[in-house]
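Quick one: this structure, given as structure tokens, is what I'll be asking you about.
The values are calculated or read from the model by the stated rules, or taken from the named source; none is laboratory data. Remember, it's a predicted structure, so these values are computed and weren't measured experimentally. Neighbour counts are summed over all protein chains in view; Cβ atoms, including those assigned to glycine, are modelled from backbone coordinates with ideal geometry. Surface accessibility is based on the protein's heavy atoms, side chains included, excluding ligands, DNA and RNA. Shrake-Rupley method; radii C 1.70, N 1.55, O 1.52, S 1.80 Å.
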Amino acid sequence: MTNIVSSLGRTTIAFILEAGAVFIMLGKVSRYLLQLWKNRRLVYEQMMVIGVQSVPLVLFVGVFAGAVASIQTAYQLKGYISYNYLGAATSVAIFIELGPVLTALVIAGRVGASIAAEIGTMKVTEQLDALESLAIDPLRYLAMPRIFSGFFMIPILTILADFVGIMGAYLVAYINLDLAPEIFFGSVKEFFSLLNVFSGLIKAFFFGGTTAIIGCYVGFNTSGGAEGVGQSTIRAFVLSSALILLNDYLLSIILF
Amino acid sequence: MIQINDLHKSFGDKVVLRGVDLEVYDGERLVIVGRSGCGKSVLLKHIINLMEPDKGYILVDNIAIRRVGQSDLFFLRKQFGFLFQGAALFDSMSVSENIALPLVEHTNLTSAEIAKKVAEKLEMVGLPGIEELRPSELSGGMKKRVGLARAIIMDPKYILYDEPTTGLDPIMAANIDKLIIELSEKLKVTSIVVTHDMQSVAKVATRVVMLHLGKIIFSGSVDELYNTENKVVAQFVKAEAEGPIQPKPIKY
Ligand SMILES: Nc1ncnc2c1ncn2[C@@H]1O[C@H](COP(=O)(O)OP(=O)(O)OP(=O)(O)O)[C@@H](O)[C@H]1O
Ligand SMILES: [Mg+2]
């Protein structure tokens, strides 16, 4: 019994220390945000890698998520509520939940894991030491551009996912239910609220930041060669997915 | 001048440095020898604060390198060139980007001026015209020399070489030895060279120290090194299997 308690205590303390370390890193990185313009080349590069190169994946996930949402919603409405409200029901779900969460989760897999792998490899091959030896702070050179791009690009990707998600939803509604576009999009428009979209984007902002921060933190704390890099990749993905879902819960409480 | 005082460092329960005292004087070419795994690379990394000592301190030009803030630390580090044992090239960048990085980050030179400097340093290390290659396309010895070009691009006051000639053919090794001597004589660079290559030691060193069991057990000229009474040092320089040092790895 005392064993369980003490190991629980130890785990809690380790967790708090680790969370503290993440915030310390974040504090140091945020100082470098003031030098955004000076580091624009690096930031631009990461916006490309994190944002633009994720577009195909996000489009793919967005279309299918929208399509599935449409089928599910239609099934739930069947016999109770007119399909005329299908557009409204689906689009609200996409704006506030599916768009941001699914985008963030695939980004956690694609971007979070690759940030951790890249920085982790640099750590175990002494490239981080090399940066330091050249009087270049890895937090400025590597972490800041990635974290900034995470915060900035995921909301943009989410807007994209929202858009193609609704297109996918309509496509399914058209194929299965032969729903006219005026009716579907009319109901989307009728129930459209900027607040819904905006709260989805606020979520996306935090999810994107979380993913990039965790990727960097895990990468910087990699040890033990190729095996360590592999473990870091998994750790980054698991941690950021878990934190996205936790964040989603907390933000939903705050926002609604 | 670099002063290392009573430096201790352990990794877990493995003690690597147990009280290193060493002074490096301006303009000298100090060679550090010692068995593989005795902590030479660890000692070099402490000098530019890539590792934190458990105990003891290091002064660079009378400034305690552990005590200063980040901007002063970076100011000090700009006076150092560091050649990593494994070269540590950035594999996302081409050779020229690797070498140019400190110039891009710390100076306002135009890209033409930077390209000229990069070409100049590549020439010095015997690799002219390989700017556009990637580190993955280089041999081990070529990586080493690109690493050296990067280390000297800012014309540092101190250069720390971690095994500069390992993995090079004898002719190239002799050229690098010559380069080390030239840099120190023409530009008054203070050099610290870690090496296993006893030919290099004889050519390059103005003073040799030996690190053994976490301490400096010998300091003197090359002649003194070869004529020492110390049995451990004698066995090392004569490369004998029999002697106080056992071939099996020692538990530190
Ligand atoms: N980051 C680290 N974590 C744990 N142990 C380390 C670390 N770096 C070095 N060591 C240990 O410290 C000891 C000294 O390592 P170091 O790399 O300084 O040896 P060396 O003298 O440079 O050897 P070589 O001549 O083979 O390069 C080794 O036993 C190594 O296992
Ligand atoms: Mg070494």
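I'd like the accessible area for B:I152: 1.4 Å probe, protein heavy atoms, all chains in place, Å² to the nearest 10.
0 Å²
In addition: Hey, what do the phi angles of the range B:210-225 turn into as Karplus ³J(HN,Hα) couplings, whole Hz, using 6.51/-1.76/1.60 and θ = phi - 60°, x for Gly and Pro?
In residue order, the calculated couplings are 10, 9, 8, 6, x, 9, 7, 9, 8, 8, x, 6, 4, 4, 4, 4 Hz.
What does the C-alpha gyration tensor say about the overall shape of the range A:55-255? Classify as rounded when a/c is under 1.5, otherwise prolate if a/b is larger than b/c, or oblate.
prolate
Still on this structure: On the full set of protein chains, 1.4 Å probe, figure out the accessible area of A:I213 and give it in Å² to the nearest 10.
20 Å²
Which order do you get for B:D197, A:D137, B:D223 if you rank them by accessible area with a 1.4 Å probe, largest at the top?
From most exposed to least exposed: B:D223, B:D197, A:D137.
How much accessible area is lost when chains B and A come together, counting both sides, with a 1.4 Å probe, in Å² rounded to the nearest 100?
1700 Å²
Here is a further query. Which entries of A:K28/A:K123; B:K78/B:K178; B:K188/B:K215 have Cα-Cα distances beyond 22 Å here?
Table pairs above 22 Å Cα-Cα are B:K78/B:K178; B:K188/B:K215.
Now for a different question. Over all residues in A:123-130, what is the mean tally of Cβ atoms on other chains that come within 10 Å of each residue's Cβ?
Whole-number average of other-chain Cβ neighbours for A:123-130 is 6.
Now, a different point. With a ≥ b ≥ c the root eigenvalues of the C-alpha gyration tensor of the range B:1-127, is it rounded (a/c under 1.5), prolate (a/b larger than b/c) or oblate?
The shape class here is prolate.
In debye to the nearest 20, how big a dipole does the range A:55-255 give about its Cα centre with +1 on each Lys and Arg Cβ and -1 on each Asp and Glu Cβ?
Dipole of the range A:55-255, to the nearest 20 debye: 180 debye.
Sticking with this one: Which value in deg cm²/dmol, rounded to the nearest 500, describes the helix-derived mean residue ellipticity at 222 nm for the protein assembly as shown, given -39,500 (n - 2.57) per DSSP H run of n ≥ 4 and division by the residue count?
Helix-only estimate at 222 nm: -18000 deg cm²/dmol.
Now for a separate question. Round to a whole number: what % of the accessible area of the range A:107-256 belongs to carbon and sulfur, probe 1.4 Å?
Carbon plus sulfur share of accessible area: 72 percent.
Ok, one more. Could you work out, residue by residue across B:85-92, how many beta carbons of other chains sit within 10 Å of that residue's beta carbon, and then give the average as an integer?
Neighbouring Cβ atoms belonging to other protein chains average 5 per residue here.
Work out the length of the dipole vector of the protein assembly as shown about its Cα centre, built from +1 on the beta-carbon of each Lys and Arg and -1 on the beta-carbon of each Asp and Glu, and round it to the nearest 20 debye.
Dipole magnitude for the protein assembly as shown comes out near 600 debye.
Now a separate question. How large is the accessible surface per residue of the protein assembly as shown, computed with a 1.4 Å probe and reported in Å² as a whole number?
48 Å²
Remind me, relative contact order of chain A in percent, using alpha carbon pairs under 8 angstrom and six or more residues apart?
Contact order relative to length: 32 percent.
Okay, next question. Taking every residue in B:75-84, how many Cβ atoms of other protein chains lie within 10 Å of its Cβ, on average?
Mean partner shielding for this stretch: 3.
Stretch A:L255-A:E18 to full length: gain in nm at 0.36 nm per residue minus the Cα-Cα span?
Full extension from A:L255 to A:E18 adds 82.6 nm.
At 1.4 Å probe size, what's the solvent-accessible area of A:Y174? Round to the nearest 10 Å².
Looks like 120 Å² after rounding.
Further question on the same structure: Let me make sure I get this right: for the protein assembly as shown, a, b and c are the square roots of the gyration tensor eigenvalues over alpha carbons, sorted descending. Under 1.5 in a/c it's rounded, otherwise prolate if a/b > b/c, else oblate. Which is it?
prolate
Let me ask something else about it. Mind pulling the angle between the C-alpha long axis of helix A:2-32 and the longest principal axis of chain A? Nearest 10 degrees, somewhere in 0 to 90.
90 degrees
Okay, moving on. Determine which aspartates and glutamates satisfy two conditions relative to B:K117: a Cα distance under 18 Å, and not lying fewer than 8 residues away in the same chain.
B:E97, B:E105, B:E131, B:E132, B:D155, B:E182
While we're on this one: Using only Cα atoms, tell me the angle between helix B:170-186 and the longest principal axis of chain B; keep it within 0 to 90° and round to the nearest 10.
Long axis of B:170-186 versus the principal axis of chain B: about 80 degrees.
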